1. Within the range 83-94, is there a residue that is out of contact with any strand residue (DSSP E or B) (no Cβ under 8 Å at 6 or more places or on another chain) and at pLDDT below 95?
2. Kindly indicate whether residue 187 is surrounded by 12 or more Cβ atoms within 10 Å (Cβ to Cβ), at pLDDT 95 or above, closer than 15 Å to residue 146 by Cβ and touching a helix residue (DSSP H, G or I) at 6+ places or on another chain (Cβ under 7 Å).
3. Out of the range 161-205, which residues are assigned to a loop (DSSP other than H, G, I, E, B), within 30 Å of residue 47 (Cα to Cα) and touching a residue at least 40 places away in the same chain (Cβ under 8 Å)?
4. Please identify the pairs in which a residue from the range 133-153 that is farther than 25 Å from residue 209 by Cα has its Cβ atom under 8 Å from the Cβ atom of a residue that is in a loop (DSSP other than H, G, I, E, B) and modelled with pLDDT under 95, counting only partners at least 6 apart or on another chain.
5. Applying the selection to the range 46-88, what residues are in contact (Cβ under 8 Å) with a residue 40 or more places away in the chain, buried (at least 16 other Cβ atoms within 10 Å of the Cβ) and not in a loop (DSSP other than H, G, I, E, B)?
C-alpha cells in the first residue's frame, strides 16, 4: 500500500512540473520580470561606459626639456611630461623610470618642443612678485611674454565625468580629460596685476598702449585667444619695438 501511494505521488508531481515548465509558462514568467509586484531578483548590467578619453598631460608624448629645483639646482637634457590635471611634472630617467617631482621642491621647467614659436617655460606662482595674491602659490603658470611687463597663463585640465543615466543625462558614455579656458595675467613693475579674459575685446581694453599693434596683428592673423601658445606669439610680435 505504501509503495503504491509513493508511485501515485511521483506521477502527480511529474505532471504538475511538466505543466509549469511548458514554453508558454516560461514566457509568462519572463514577461513578468520588471513589472510591478514581481518579487524575483534580476541582475542587469549597463555596458555603455566607454572608459576614459583624452590625456591629463599637456602632451602625451615625452618631450625634451629641463627643470630647476627651488634650491637652484638644474637638470637639463631630460624627458618631461606636464600633468595639467594634477599640476605635476613627470621625469623619465635614463633607465626609463618615471618619477614625479615633489611639488614643494620644484621652481620651474622648460619644454623644448611644445609647438613651433611657442612659449614653453613654466614657473611656480610664488616666484612671480604679487601673483600669489591671485593664484595658489604652489601652482604652475606658463610664461608667455617677459619684457617691460610679464604675461602668464594659468592652464588646467579637468575630468569631465560620463553622463548617460537618468532622464537629464547628456548621453556621454565616457569620462574625458579636457582643458578649461586659460586664465591670463599681466604683471607690472609697479606691483600691479591685471587678469585678462581670453577674448579679443579684453586684450584690446587691457593693453591700450598696444591696441593699434594688436589690431594690425589681428588683420593679418587670426589667433585663438583660448590657446596660450598663440597669445604668446602675439605678444612677442607686438612688443618688438620695445626691445
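1. Residues of the range 83-94 out of contact with any strand residue (DSSP E or B) (no Cβ under 8 Å at 6 or more places or on another chain): 86, 94.
Still in the list and also at pLDDT below 95: 94.
Looking for residues that are out of contact with any strand residue (DSSP E or B) (no Cβ under 8 Å at 6 or more places or on another chain) and at pLDDT below 95, one finds at least one in the range 83-94, hence yes.
2. On the way: surrounded by 12 or more Cβ atoms within 10 Å (Cβ to Cβ): yes; at pLDDT 95 or above: yes; closer than 15 Å to residue 146 by Cβ: yes; touching a helix residue (DSSP H, G or I) at 6+ places or on another chain (Cβ under 7 Å): yes.
Answer is yes for this residue.
3. Taking the range 161-205 and keeping what is assigned to a loop (DSSP other than H, G, I, E, B), we get 161-162, 164-171, 173-174, 180-182, 189-192, 197-199.
Right, trim to within 30 Å of residue 47 (Cα to Cα) and you get 161-162, 164-171, 173-174, 180.
Listed by number, the residues that qualify are 162, 164, 165, 173, 174.
4. none
5. Across the range 46-88, the qualifying residues are 63, 65, 66, 67, 68, 82.
The values are calculated or read from the model by the stated rules, or taken from the named source; none is laboratory data. Values in this document were obtained by computation on a predicted structure and should not be read as measured data. Don't worry about glycine lacking a Cβ; one is built from the backbone with ideal geometry, like all the others, and counts go over all protein chains shown.
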